[in-house]
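Here is the structure we will look at.
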Amino acid sequence: MTEQAKFWRHKTLTEMTHKEWESLCDGCGLCCLHKLEDADSGQISYTNVACRLLDTTSCRCKNYKIRKKLVPDCVVLTPDQVSEFHWLPRTCAYRLVSEGKDLFSWHPLVSGSPTTVHEAGISVQGRAVSERDAGDLEDHVVKWGEDQEPDEEDE
């Protein structure tokens, strides 16, 4: 891959085209999991409970174009707001690029395959349950946001 093709290395998030912005999503599905925030400490806890629109096999939204209409509290990421989303996992390309870091080797833009995010164990594939089946969110707290992160040599 040419350096020019690695647009994320020389463009800021706000300089990217819509197509480039969308291609940064690695398809992990972590942003579609319900999270709990401690009111006192602000600490974020991930759950394994997915938004009802998340296809837990493909880890993609079933109705991406109208997701905000179907799920009013869906958070739509925009380039100028990424730094506000401290709940994004450290593996998230949007967060990495906003922090001036490179993408991991398993990211589809680097590997050339949309399946490497699943093969690397980064995605929620096979590990999430639908919000319609979950019950109490506090019974579904997991450590994926921290435990699943790749080793430093994978960067």
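Derivation of every value follows stated rules applied to the coordinates shown; laboratory data play no part. No experiment lies behind these values; they were computed from the predicted model shown. Every residue, glycine as well, gets a Cβ built from its backbone with ideal geometry; the counts of neighbours run over all protein chains shown.
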- Message: Sort Glu84, Glu131 by Cβ crowding within 10 Å, fewest neighbours at the top.
- Response: Glu84, Glu131
- Give the order of Ile66, Ile44, Ile122 when sorted by the count of other beta carbons within 10 angstrom, beginning with the fewest. Ile66, Ile44, Ile122
- Task: Could you work out the relative contact order of the chain, using alpha carbon pairs under 8 angstrom and six or more residues apart, expressed as a whole percent?
- Result: 33
- Rank these for me by crowding, Ser123, Ser58, Ser41, going from fewest to most other beta carbons within 10 Å. Ser41, Ser58, Ser123
- Do any chymotrypsin sites (Phe, Trp or Tyr not before Pro) in region 1-88 lie in a loop, going by DSSP, with at most 14 other beta-carbon atoms within 10 Å of their beta carbon, and if so which? none
- Task: Tell me what the chain gives for mean residue ellipticity at 222 nm when only DSSP H runs of n ≥ 4 count, each as -39,500 (n - 2.57), the sum divided by the residue total, rounded to 500 deg cm²/dmol.
- Result: -3500 deg cm²/dmol
- Query: Can you work out ³J(HN,Hα) from phi for every residue in region 35-41, in order, using Karplus 6.51 cos²θ - 1.76 cosθ + 1.60 and θ = phi - 60°, giving whole Hz and x for Gly and Pro?
  - Reply: 10, 10, 10, 5, 4, 7, 8
- Task: Describe numerically, in nm with one decimal, the distance between label points set 7 Å from Cα along Cα→Cβ at Glu15 and at Lys35.
- Result: 2.7
